[in-house]
Amino acid sequence: MFILTINGRETEGAYSVVDDEGEHILYLFQEEDDATRYAMMLEEDGCPEMHVIEIEDDVMIKTCEIHNYKYTVITPNDIVIPPNTDHDFI
């Protein structure tokens, strides 16, 4: 799986989206191409340059569950576009 971070600030957090309840949702992309495409859309919307990082899916999911972080797995069949609202890093 793959996550997004700000290029050069990879240790400071991963990209997340704020849902309607104000909670952060971490995007976990199954395919690198999908993560790269999404990063390009973010950059076109004015976000800093993004970096796609490969992660161990089971480790990341377990970490999210331990720390009670919400996450969603973006599959190749999903279509996601950056929200018109807030995005942040967790």
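The values are calculated or read from the model by the stated rules, or taken from the named source; none is laboratory data. In this text the structure is predicted, and so the values were computed from the model without any measurement. Glycine gets a Cβ as well: all are built from the backbone with ideal geometry, and neighbour counts include every protein chain shown. The area values use the complete protein model at the heavy-atom level, side chains included, leaving out ligands, DNA and RNA. Shrake-Rupley method; radii C 1.70, N 1.55, O 1.52, S 1.80 Å.
Structure data summary
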quantity: Rg over Rh [alpha-carbon atoms, Kirkwood Rh] for the stretch 23-74; calculated: 1.00
quantity: Protein accessible area in the chain, 1.4 Å probe - carbon and sulfur %; calculated: 45
quantity: By average C-beta atoms within 10 angstrom, highest first, the peptides 75-83, 52-60, 32-40; calculated: 32-40, 52-60, 75-83
quantity: Distance (nanometres) between label positions extended 7 Å along Cα→Cβ at THR36 and ASP19; calculated: 3.0
quantity: Helical mean residue ellipticity (222 nm; -39500 (n - 2.57) per DSSP H run of 4+; nearest 500) of the chain; calculated: -8000 deg cm²/dmol
quantity: Quotient of Cα Rg and 2.2 N^0.38 Å for the chain, N being how many residues it contains; calculated: 0.99
quantity: Accessible area of the chain divided out per residue, in Å², using a probe of 1.4 angstrom; calculated: 64
quantity: Value of relative contact order over the chain, rounded to a whole percent, pairs C-alpha under 8 Å and six or more apart; calculated: 43
